[in-house]
Amino acid sequence: MDSASNNARTVAACVIGGIVLGASVVALHLGAGPAAPSLPPVEALRRRFRRRCRPVRVYMDGCFDMMHYGHCNALRQARALGDELVVGVVSDDEITANKGPPVTPLHERMKMVRAVKWVDDVIPDAPYAITEDFMNKLFNEYNIDYIIHGDDPCLLPDGTDAYALAKKAGRYKQIKRTEGVSTTDIVGRMLLCVRERPVSDNNSHSSLQRQFSHGHGQNIDDSGFGSGTKISHFLPTSRRIVQFSNGRGPGPNSRVVYIDGAFDLFHAGHVEILRLARGLGDFLLVGIHTDQTISSTRGPHRPIMNLHERSLSVLACRYVDEVIIGAPWHISKDMVTTFNISLVVHGTIAENMDYTEDDSNPYAVPVAMGIYHKLESPLDITTSTIIRRIVSNHEAYQKRNEKKEASEKKYYDSKSFVNGE
C-alpha cells in the first residue's frame, strides 16, 4: 500500500466522518437526543472522528538478529494492518538476558530494520517484554493503535507471555509466522560444521573455519531435526515474490544502476553499499548469483541461504527496485543493452576481490564500455564476518540454539493453519 492510497483513504475517512459527525450534532441540537438513545454522545463522536482522521499506527518489536526474509515478511504483514509501522529493536543487553548473545550488535540491526521498505519509524533499545509503562508510552507518545506479533509464542524466562498486557488491553493483533526460516535455523546451519569436529582441532578458530569452508556432514532426520538443529526447507512461491516486489520498472529515461553479488546472510554491509549504489541513479537493479556459482567460487558450504531466500532479503530493501534471480557471473554487452544499464558498480569490500586478476574478469565488458565504477564500501562487513562471529563464540551460540530449538520444535509439532498473507 503506497502513500498515495493511504492519503486517499485518510481523506475519504475524514470526509465521511465529518458528514456523520455533522449530521449527529444537528440531530442532537434539534432535540433528537432524548428520543434517540442509540446515538453516541457528541464527545465520543468527536474522539472517533479525530482517530479516523489520522493514520492507523501499528507497532512491532523484535531482536532482528541476523535479519532475514522471515523478519521482513513479518514487517510486511504488520504494515498491512495499518497505515504506518513503528518498529522497536530490542537492545543487546535485553537479548543477552533473555535469549543469549546477539550475533549482530544494535547499530547494525538498526541499519537493517530502517532499510526495510515497509518500516516508517524505528525505536532503538526497545524492551524484550511489553511492560505497562512502555505500553502506555507507545499509546500516548507514539500514538500506536495496535501491537503486532506472530502466531508463534514469545515467552519470557519465567514462562509468561511477553505480550500479555497488550492482549489484555485489547490492542493486540496477530500475524502469520513465515514458514521455513528463523535466526535459530540460520545459526544452526553454520553450527553444523562445528558440531562433530575432531578433538585434535582443539577448538581453534582457524580449524573450525576450515571445516565450514570444506563442509562437514551431520545426520538429519525426516522432520528436519538432527542433533538438536532444525534445517528448514523454504518453500518459495510466486505469490511471495510478488508480495516483495515493487511492481514497477524503470522509466524510458531512467539511469539504471546495476550491482551484483551473492548477498548471503544479508547484512548491514550489503544495505550500505546498496544505499550508495541507489544514489547514483534512478533505478537500482541487483543481480543475485546462483547457488552453484557461489559454491564454485567460495566453497561447497556456501551459500548459507539459497537463491530464493537471498532474493527475498534483497527485494525487501528499500533501496532496491528490481532483482535478477540467478544473475550471470559475467556481464555481457547484451545484458547491458537488455536492461538499459547506465552504470555497473562494485564495492571495495567483498568476499572475492581478486576477480580483476583473473583472465576472465566478469566486469571486463562494462570496464571496456566505460560504465564500470568502484564504490568505497562504508562498512567492513562480509558474510565471512558473520560466520567468524558464530565460530569464535560457537559454544555460546550452540547453547542458545539448543534452548531456542526446543520451543521451536514444540511450535512446529503443534502447528496449525493460520490464515494470513
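The values are calculated or read from the model by the stated rules, or taken from the named source; none is laboratory data. As the structure is a computational prediction, the values presented were derived from the model and not from experiment. Here the Cβ positions follow ideal geometry from the backbone for every residue, glycine too, while neighbour counts run over all protein chains shown. Each accessible area value is taken on the protein alone, full model and side chains, heavy atoms only, with ligands, DNA and RNA left out. Shrake-Rupley method; radii C 1.70, N 1.55, O 1.52, S 1.80 Å.
Counting heavy atoms of the protein chains alone, ARG255 has an accessible area of about 100 Å² for a 1.4 Å probe.
Extension gain for THR337-TYR142 works out to 65.4 nm (0.36 nm per residue, less the C-alpha to C-alpha distance). Just the protein heavy atoms count here, and of the accessible area of the stretch 54-175 at 1.4 Å, carbon and sulfur take up 48 percent.
Stretch ARG248-GLU351 to full length: gain in nm at 0.36 nm per residue minus the Cα-Cα span?
Values: separation 103, 0.36 × 103 = 37.08 nm, distance 3.11 nm.
34.0 nm is the gain from fully extending ARG248 to GLU351.
A P(r) calculated from all alpha carbon pairs of the stretch 54-175, with 10 Å bins opening at zero, reads 13, 49, 35, 3 percent. Note on LYS117 and CYS53: the model spin-label points, each 7 Å out from Cα along the C-beta direction, lie 3.3 nm apart.
Sequence-ordered 3J(HN,Hα) estimates for the stretch 61-75 from the Karplus curve with 6.51, -1.76 and 1.60 and θ = phi - 60° stand at 10, x, 7, 6, 7, 6, 4, 9, 5, x, 4, 4, 5, 4, 5 Hz, glycine and proline given as x.
The per residue volume of the convex hull around the alpha-carbon atoms of the stretch 291-340 is 85 Å³. Between ASP125 and VAL89, SER91, the built amide H atoms are under 5 Å apart, and every one of these is 5 or more places off in sequence or on another chain.
The residues of the stretch 54-175 expose, per residue, 39 Å² of accessible area to a 1.4 Å probe.
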